[in-house]
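Q: Below: one structure in structure tokens.
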Amino acid sequence: TRPQPPRQKGEKQRFRLPGNVRVYVYGVIALAAFTAEGSVIDWSALYLRKEMQADVALSGFAFAGFSFAMMVSRFSGDVLRNRFGAVRLLQFSAVMAIAGFVLASLGGALPVVVCGFLLAGLGCANIVPVAFSAASKVPGINPGTGIAIATMFGYFGLLCAPALLGSVGEVFGFAPVYLGFSLVMMIVQIL
């Protein structure tokens with residue numbers, strides 16, 4: 001990007017979106033991870049209840065396993081990133097999330113499905129922090145602007161996408177929705 005001439009006193013600065021595509025790629029990565037996270041938060045208990053015939057006492061185990069795994073993985077995320085690097089951590093996390101969502105959707109037995117959600121939680125946990133960190137380091141873009149763009153994409157995925165996916169799940173079932181997240185995580189792996 002070209003350096004901007006100094007602003008005159010009282011001159012308004014025009015808003016413009018950053019021109020570096022990388023910041024939007026990191027936003028899409030955050031969107032993918034937060035969408036997956038929001039869908040587990042919102043729909044995993046219903047999935048276990050309706051499609052896995054789990055009773056009410058067991059229907060929350062998918063969310064509990066996913067959340068516990070995310071906590072463990074996020075607490076160890078900085079250590080892992082410092083040891084292996086951000087790119088390798090993101091790639092490994094995406095592979096774990098892919099495997100977890102495949103197990104969660106095709107597992108067949110309740111313990112296997114819950115283990116799938118646990119593995120997906122381990123994988124999804126560090127994708128967003130790595131994406132936010134990378135967005136803050138895009139050359140030519142203010143770190144705050146990079147994080148704001150990635151956060152906007154990510155929280156759209158957390159807040160809006162699960163409602164849309166709930167409608168899809170009501171029509172087609174939640175197993176295809178969670179299988180679809182394995183494909184979404186493959187896109188994260190490629191990006």
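Q: Residues that are in contact (Cβ under 8 Å) with a residue 24 or more places away in the chain, open to solvent by less than 60 Å² (accessible area, probe 1.4 Å), in contact with a Gly (Cβ under 7 Å, 6 or more places away or on another chain) and farther than 21 Å from residue 73 by Cα: does the range 163-182 have at least one?
A: yes
Q: Also, I was wondering about something else. Please identify the pairs in which a residue from the range 94-114 that is polar (S, T, N, Q) has its Cβ atom under 7 Å from the Cβ atom of a residue that is open to solvent by less than 40 Å² (accessible area, probe 1.4 Å) and assigned to a helix (DSSP H, G or I), counting only partners at least 6 apart or on another chain.
A: From residues that are polar (S, T, N, Q), the pairs are 105/175; 105/178.
Q: Is it fair to say residue 103 is open to solvent by 60 Å² or more (accessible area, probe 1.4 Å), under 23 Å from residue 42 (Cα atoms) and not charged (D, E, K, R)?
A: Values: open to solvent by 60 Å² or more (accessible area, probe 1.4 Å): yes; under 23 Å from residue 42 (Cα atoms): yes; not charged (D, E, K, R): yes.
Judged against the criteria, residue 103 is a match.
Q: Looking only at helices (runs of 4 or more DSSP H) that fall completely inside the range 111-186, which ones have 1 or more residues that are modelled with pLDDT under 90 and under 24 Å from residue 71 (Cα atoms)? Spell out the reasoning first.
A: Details: elements: 127-135, 143-159, 161-172.
Here the list reads 143-159, 161-172.
Q: List pairs: first in the range 123-151 and charged (D, E, K, R), second part of a helix (DSSP H, G or I) and buried (at least 17 other Cβ atoms within 10 Å of the Cβ), Cβ under 9 Å, 6+ apart or cross-chain?
A: From residues that are charged (D, E, K, R), the pairs are 137/146.
Q: Moving on. Quick check: is even one residue across the range 132-154 buried (at least 22 other Cβ atoms within 10 Å of the Cβ), of a type outside the set (S, T, N, Q) and under 20 Å from residue 76 (Cβ atoms)?
A: no
Q: Still on this structure: Provide a single number: the residues in the range 33-75 that are open to solvent by 60 Å² or more (accessible area, probe 1.4 Å), touching a Ser or Thr at 6+ places or on another chain (Cβ under 7 Å) and among the small types (Gly, Ala, Ser).
A: Residues that pass the stated criteria total 0.
The values are calculated or read from the model by the stated rules, or taken from the named source; none is laboratory data. Predicted, not measured: the structure shown is a model, and the values here were computed from it. Reconstructed Cβ throughout: ideal geometry from the backbone, glycine too, with neighbour counts over all protein chains shown. Keep in mind that these areas ignore ligands, DNA and RNA; they rest on the heavy atoms of the full protein, side chains included. Shrake-Rupley method; radii C 1.70, N 1.55, O 1.52, S 1.80 Å.
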